[in-house]
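Since the structure comes first, as structure tokens, the remarks are kept for the end.
The values are calculated or read from the model by the stated rules, or taken from the named source; none is laboratory data. What you see is a predicted model, and the numbers here were worked out from it, not measured in a lab. In this analysis, Cβ positions are derived from the backbone assuming ideal geometry, glycine residues included, and neighbour counts consider all displayed protein chains.
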Amino acid sequence: MQARAFNPQIFLELLCFLAFAALMLFLVLSGKYLSYVTPRMEPYLWFSAIVMALWAFIGLGRLFRPQHKLRSSHCFVLAVPILLLVLPHSPLSTADLSGSLIGGSAISGLSSGASGSLNSSVSAAAAKTEAPAAVIVENADAATEAPAAEVKLSNSNASYGSTDGYANDLPGLDVQGKKITVPDDYFGAWISEICMNMNLYEGYTVVMTGFVFKDPTMLKEDEFVPARLMMSCCVADLSPAGLLCKYDKVSELEAESWVTVEGTLFIGKYEFDGQFYDDPQISVTKITPAQAIEAYSYPF
Amino acid sequence: MALPIYVATGFLDSGKTTFLNNLLNRGDWHDVKMLVLQFESGDEEFHSRHENCQSASFSKKDLEQRPEQIVESIRRELEAGEFDEIWIEWNGVAPFSQLQALLLHPKLHSLATLKRVIHIADGKNLESLLGRTGGALPEQIANSDFAVVRNVHYPDDFKRVKRLLSGINPGIAVYEFNASNDLYKQIFAKRANPVSFFILTLILAVELYFVARPALEGFKIPFNTIVNVFLGILLQAVPFLLIGVLLSSFIQIFIPQRAIESRFPKSLGLGMLAAIIGGFCLPVCDCASIPIFRSLVRKGIPLPVAVTFMAAAPIINPVVILSTYYAFTGNMTVVVGRVALGIIVSVATGLAFALWPSKKPPLSGGALDRLMCGCGCYEDAESITSFSGKAGLFIRHSQAEFFSVGKYLVIGTFIASIFQVIGTGAFRSAQSGAGLAFSIIIMMVMAFALSLCSSSDAVIARSFSNQFPLAAIMGFLVFGPIMDIKNAMMLSSGFSKSFIAKLLLASFIASFAAVFLISAFGGF
């Protein structure tokens, strides 16, 4: 004979599974997950939601199995993330990262913002800000020495599939007019593409929108980066990224303001570890103020 | 009002009757009227000294064949006499669920309710009993409120028994047989309901969130950023943890130990080769490889081989190779270097365990862990043969493993997110003017502290490449996936501290030596 009695522990677990599954679904369907992780995680979040929902469903069968010794603390494993997701918090913005101008945060640090004072190593941190021009990006060797391998791998990644050497499935490319109008949603993809195949795009006119990123300790007086916050994996690696621009009147630009930059792409030099590498840069011809873009960008 | 029921469980000859004789015959209890029900007749008999206890006993045969009659006769006893308490001595080899079924029977349910379950254990033979007496004993231990241990004469013995018991019933209070005063307090102490405890804690946490947030931000601690980073890392890790526990539970439940023992290469060299190929084939990060590692060790895979697998899998699988390739924009030196170093270091770490085997078992539950998973499923995976039975066990096992490893994932992620938000500046400033060896060590320590998922750490490593030499970056890329705060925390859900310390030391030395030597010979 099998006794039946309501089992609060199973009920609690069931609630946690359901809440977590529902939250994952909500995050994916509303697109809010993009504030935490990249679009590549979408199938994995679906997977988590499905597993949790299945667990909850199967747990129903044990809901009336008596149990003398009850436990609840293990449920915090799910309750803590659920609570933090639900409780109010705002996505990180440029201000969080660059309140004291990037401080130690170009990529992983994220420290600046409210805690600018914590960055004791201003010079070291600033050196790293070189990264935005180069982050995901700048390895010259690969682009110049092994273009064949490059194209092959790009192909295998599907999103860069190109038969004539151009990433013709990235929107905004005008081969005839030698112009790339970077759509806001493809900012990261275009940065990657341009850096990987900079020789292909040399001399093109590039139009892109970002916030003005200036840093006197690492950028020259006539240099700035129209940057976007780029997330490579998750919000922990959020960092400004973009192409370095040469512009005479940088001093007139207000840091953090959003601008649309138009200019000609050329291959400049970028110093790293005592050596000079090719670096795609833009010689600016026109700058217009632009609307701020809330969303992050993703390199692939 | 329903009468309180107190139950003493324990294996045959563990001393249940002696315990009841001592306890129920206390002078100051002589006016408490008790009904004592025995489901076992051992060497010692229950004697009531003050004639306040009435006793009845039932045989195991009755229990199995005529449970309805037992219920009926208990009901009659209860209606005939006036009792204050019911004490039950439960049979040592009968499942606890059987007792619950009796007590929850509609005829008894309203008359009496289960208050406390006390487990009596004989410290001398508990370990060997647990290894070979099936599911009833661990089930009894898991369902007890506290345990009383007999035959432990040294503090070390007591500790060992306590570890065994809490392996099955985490956090269980254990008392020595003659520590009577503590015991009485336990029996009648008011017990907090764990569910209301859970809800209260949640409410408190919400309040704390709103109070602590402005306070912390007042101290210039970027609370919002920490929350975001925490959730980012966690959302990325949870799906992989799920994959890990599902695969690991699959191995645990569906693959019989015999199959692994007979098929797996006997020699160390072939075993390690298999471990590396296996590591390449499993596209998982370190969150997933740790539960798999644990179940491999449980299934009897030689420790050096399992360690090699655990160390190699998060470094050399295709997902990680691809993400490294992207992060370093196709720099093949880094990609190939990471894979090659990953293989060298994981084999070296595995060899360390082959050359210097430790005497203590690596699993914290000792030999026991091989037989039971401590997940509330005491049925032996090998003895259940039906597919639906195994499927049910698979689900419960994966849930239990998710909770037990997930706990450490949450804690580790929390520490790592604090480090990421406020800690990196210190590492960066330490670098200025450091020599190569020191730079490598800084980056390795940073990898340990940041606890990044191996499928995403390459991008972070890339961001340090402006200040750190390539060799230091390689140290970061190789050591981080093998060992970090998060991994050490997750390992402690099943492994002994000395094993984790040894693994940490071995992998640290192996990573450092490999990176340093190769860079010294001009590898990078």
query: Just a yes or no: is a residue in segment B:149-161 crowded, with 22+ Cβ neighbours inside 10 Å and either more than 18 Å from B:Ile5 (Cα to Cα) or among the charged types (D, E, K, R) (or both)?
result: yes
- request: Mind telling me which of the residues B:Ala205, B:Ala173, B:Ala212 ends up being surrounded by fewer than 16 Cβ atoms within 10 Å (Cβ to Cβ), out of contact with any Ser or Thr (no Cβ under 7 Å at 6 or more places or on another chain) and without any contact (Cβ under 8 Å) to a residue 40 or more places away in the chain?
  value: B:Ala212
- prompt: What about B:Gly475, is it buried (at least 24 other Cβ atoms within 10 Å of the Cβ), under 23 Å from B:Thr349 (Cβ atoms) and modelled with pLDDT of 80 or more?
  reply: yes
query: Out of (1) in contact (Cβ under 8 Å) with a residue 24 or more places away in the chain; (2) within 10 Å of chain A (Cβ to nearest Cβ), the odd one out for B:His109 is which?
result: (1)
message: Any residue at all in segment B:331-344 that's modelled with pLDDT of 80 or more, under 24 Å from the mean Cα position of the chain (by Cα) and farther than 26 Å from A:Met230 by Cβ?
response: no
- prompt: Before we move on, is A:Pro66 closer than 19 Å to A:Cys234 by Cβ and not assigned by TED's automatic domain parsing to the domain that holds A:Leu229?
  reply: no
statement: By residue number, the members of segment A:41-82 that are of a type in the set (A, V, I, L, M), touching a residue at least 12 places away in the same chain (Cβ under 8 Å) and more than 7 Å from chain B (Cβ to nearest Cβ) are A:Ala49, A:Ile50, A:Met52, A:Ala53, A:Ala56, A:Leu60, A:Leu63, A:Leu78, A:Ile82
task: Considering each residue of segment B:213-226, count those that are part of a helix (DSSP H, G or I) and either under 31 Å from the mean Cα position of the chain (by Cα) or facing chain A (nearest Cβ under 9 Å) (or both), and give that number.
output: 6
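Being among the β-branched types (Val, Ile, Thr) and under 21 Å from B:Ile199 (Cα atoms) narrows it down to one residue among A:Val86, A:Val28, A:Val51; which is it?
Result of the check over A:Val86, A:Val28, A:Val51: A:Val86.
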Test set (1) away from chain A (no Cβ under 12 Å); (2) more than 30 Å from B:Phe516 (Cα to Cα); (3) modelled with pLDDT of 80 or more - B:Ile411 fails condition number: (1)
- prompt: When both residues are 6+ apart or on different chains and their Cβ atoms are under 8 Å apart, which pairs have a first residue that lies in segment A:241-253 and is under 20 Å from A:Asp184 (Cβ atoms), and a second that is in a loop (DSSP other than H, G, I, E, B) and not acidic (Asp, Glu)?
  reply: A:Ala241/A:Val135; A:Ala241/A:Ile136; A:Ala241/A:Val137; A:Ala241/A:Pro299; A:Leu244/A:Leu219; A:Leu253/A:Lys214; A:Leu253/A:Tyr247
field: Matching residues in segment A:57-76 - criterion: being within 26 Å of B:Phe96 (Cβ to Cβ), out of contact with any Cys (no Cβ under 8 Å at 6 or more places or on another chain) and in a helix (DSSP H, G or I)
entry: A:Ile58, A:Gly59, A:Leu60, A:Gly61, A:Arg62, A:Ser73, A:His74
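If you take the residues of segment A:210-230 that are in contact with an Asp or Glu (Cβ under 7 Å, 6 or more places away or on another chain) and at pLDDT 80 or above, which of them is farthest from A:Ser192 (Cα to Cα)?
A:Asp222
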